[in-house]
Amino acid sequence: MKSLKQLTAALALAGLSTVAMAVGNPLSVHILSLQTGTPVSGVTVTLEQKEGDKWQELNHAETNAQGRVTELFPADKTFKTGDYRVVFKTGAYYQSIKQDTFFPEIPVPFRVQNAGQHYHIPLLLSPYGYSTYRGN
């Protein structure tokens, strides 16, 4: 059986590996349920960039067991200033848990003014409302 000190060290390393994984990627998202107070896994999130008056999909991913996508920006592209949006596909998630929702998807547009910074977009989710902000 592992000691408390060994377990604490292992958890710290696990957290560091998640942080280390995301260090090179400029964009991450996180979803927490306001209804249950737990992370929301299995939600597809798309990233789009505005080009002229149209949105161009750059990438999509699914939230993990911690409700996170730690590397949403595609590794083969250059992060530039401009207008982007993430779209949380919440309708499919709520359908999978057999619960009604008012918002089948939640688009969150945002502006990148400094491409050298990391952008984190958390979503606090309930079936009939949501809140988002720029995290870190």
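Laboratory data are not the source of any read-out in this text; all were calculated from the coordinates shown. Quick caveat, the model's predicted, so the values are computed rather than measured. No Cβ is skipped: glycine too gets one built from the backbone with ideal geometry, and neighbour counts run over all protein chains shown.
What aspartates and glutamates sit close enough to residue 50 to cross-link, taking a C-alpha to C-alpha distance under 17 Å and skipping anything fewer than 8 places away on the same chain? Output for residue 50: 83. Seen from every direction in turn and averaged, the convex hull around the alpha carbons of segment 26-132 projects onto 6.7 nm². Projecting the Cα atoms of 84, 115, 72 onto the dipole axis of segment 61-132, where Lys and Arg carry +1 and Asp and Glu carry -1 at the beta carbon, places 115 farthest toward the positive end.
Counting neighbouring Cβ atoms within 10 Å and putting the fewest first, the residues 73, 102 line up as 102, 73. Loop-located trypsin sites (Lys or Arg not before Pro) in segment 56-136 (DSSP state not H, G, I, E or B) with no more than 14 neighbouring Cβ atoms inside 10 Å: 77, 80, 98, 134. For segment 73-136, with equal point scatterers placed on the C-alpha atoms only and solvent neglected, what are the log10 I(q)/I(0) values from the Debye formula at q = 0.15 1/Å, to two decimals? With no solvent term, the Cα-only Debye profile gives -0.57.
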